[in-house]
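The values are calculated or read from the model by the stated rules, or taken from the named source; none is laboratory data. Remember, predicted model here, so these are calculated numbers, not experimental data. Quick reminder, even Gly has a Cβ in these numbers, built from the backbone with ideal geometry, and neighbours come from all protein chains shown.
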Amino acid sequence: MSWPIPVFLKIEYPKPISLRVWLPSLVAIASCAVTAVVLVWPHGKPTDAYPFWSALIGAPLGACMLTFGVRWCLWRREQTDAEVAEGEQLRLRDLWRRWTRRHLRVVDIATFPAATNEITRFASEKIDLPTSTDRNIGFEWAKGRSAVFRRIRLLRLVAMRFAEVLQNQRDVIVTLMLDDESLKQTDVWNRRAMRMLGCMAPGVKFRVETQAATNGARWITQLADRIDPATRLVIAAQLWADGEEEHKFSEGAAAFLIVPDASKAGAIWRPMISDRDTLETGLSQIKKIQTSPSQLTDVWSAGCEYSDSSALRSILKKNPKDPVSEHLLDEFLGNPGPASGWIAMAIAMEAMRGAGPQLVAWREPNSESLYLCAISPVPQKETTV
């Protein structure tokens, strides 16, 4: 099954039986019945006796009752069919709504865009961040350092961020979402992740798996469809490789700690893979079905074309009473890469802590599909006085 979900036709109920329409018809039927009785009554038979008057009164009454009864039975059957169809439609709508609202429960996130460490500054509709003429932005702390240093430092930052929560877990599945060059060093990434996380959370059993960062939407969909009680740490990263003369994207990373049975958590709902032909239908279903009863408050885009942003803006801002703030992240994060969708989701979930549903839109490199994912930001951090 895939988006957009089926559009249900409106159930048409039969029009009520109107006496204003039927009264002239019943009068005509009664008149015909009276005329028929008079015409077929045998000559010479008395007309002032009980049989005549019984036929004269009973025939039109019976004809009217029979005709009206048949019409009422047909109407009642149509009414029942419509009620049954509407009940089935409501059941299917509820099933589809549950399908769209399957999600991953995220208890905490960590965001590492190369442009800034102040994630809360993205919360403003007019992001107060300097823009760079260099569209490929690298980590400040990694200037002149090797890819090995970048990898170790990033994994250490993630391990430090989640160490306290991870120590309370018994088993954790770590999923590394990596760019193409990093995928060539999968074994090195896996060993380093196991070692770094094991040092920060001793006694926890970690299992590491690797995926392409561009497979994010499909991976989220598959995991949302499964009953999986495992705690997962997702680390998505796009790092520059050694010896590159020209970088294709800005560096960045994001990490999500997913705990299915968490009581207080944000959510990553089932994503949608859309195109221009289904974009308007898909967005309307996200707003009305997936994120209801709350309304989307912000839309975040990364790697999107100008036409994508225009389409999103025109569809989401149709209703002036339901304003939606727009955040174009590429202007500040630089050129997008394989993990830019993950980074955009992490920024939205962290910058908008405690807010209503958000929409994240992104394109993968060299892909014609537009990915849409509704998220619910993680709760505000509890503070102690």
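Does Ala63 qualify as being of a type in the set (A, V, I, L, M, F, W, C) and modelled with pLDDT of 90 or more?
Values: of a type in the set (A, V, I, L, M, F, W, C): yes; modelled with pLDDT of 90 or more: no.
Considered against the rule, which asks whether it is of a type in the set (A, V, I, L, M, F, W, C) and modelled with pLDDT of 90 or more, Ala63 comes out as no.
Identify, by number, the condition in (1) over 30 Å from the mean Cα position of the chain (by Cα); (2) free of Cβ contacts under 8 Å to residues at least 12 places away in the same chain that Asn117 doesn't meet.
The one condition Asn117 does not meet is (1).
Checking the condition modelled with pLDDT of 85 or more and not polar (S, T, N, Q), which residue from Leu329, Leu296, Leu279, Leu316 passes? Before the answer, list the steps.
On the way: Leu296 fails: modelled with pLDDT of 85 or more; Leu279 fails: modelled with pLDDT of 85 or more; Leu316 fails: modelled with pLDDT of 85 or more.
Result of the check over Leu329, Leu296, Leu279, Leu316: Leu329.
Take the stretch 299-313 and flag every residue that is modelled with pLDDT of 85 or more and either closer than 21 Å to Glu118 by Cβ or not in a loop (DSSP other than H, G, I, E, B) (or both).
Val299, Trp300, Ser301, Ala302, listed by residue number.
Hey, which of the strands (runs of 3 or more DSSP E) in the stretch 192-293, taking only ones fully inside, have at least 1 residues that are within 26 Å of Tyr306 (Cβ to Cβ) and over 20 Å from the mean Cα position of the chain (by Cα)? Explain how you work it out, then say what you get.
Details: elements: 205-212, 231-238, 252-258, 266-269, 272-274.
The qualifying strands (runs of 3 or more DSSP E) are 231-238, 252-258.
Please find, among Ala255, Ala224, the residue that is surrounded by 14 or more Cβ atoms within 10 Å (Cβ to Cβ), assigned by TED's automatic domain parsing to the domain that holds Ile152 and either out of contact with any helix residue (DSSP H, G or I) (no Cβ under 8 Å at 6 or more places or on another chain) or free of Cβ contacts under 8 Å to residues at least 60 places away in the same chain (or both).
Details: Ala255 fails: either out of contact with any helix residue (DSSP H, G or I) (no Cβ under 8 Å at 6 or more places or on another chain) or free of Cβ contacts under 8 Å to residues at least 60 places away in the same chain (or both).
Going through Ala255, Ala224 in turn, the sole match is Ala224.
Given the criterion crowded, with 23+ Cβ neighbours inside 10 Å, at pLDDT 85 or above and either of a type in the set (Val, Ile, Thr) or under 12 Å from Ala374 (Cβ atoms) (or both), identify the matching residue among Gly337, Gly266.
Being crowded, with 23+ Cβ neighbours inside 10 Å, at pLDDT 85 or above and either of a type in the set (Val, Ile, Thr) or under 12 Å from Ala374 (Cβ atoms) (or both) holds for just one of Gly337, Gly266, which is Gly266.
How many of the residues making up the stretch 196-218 are surrounded by 14 or more Cβ atoms within 10 Å (Cβ to Cβ) and out of contact with any strand residue (DSSP E or B) (no Cβ under 9 Å at 6 or more places or on another chain)?
Matching residues across the stretch 196-218 total 2.
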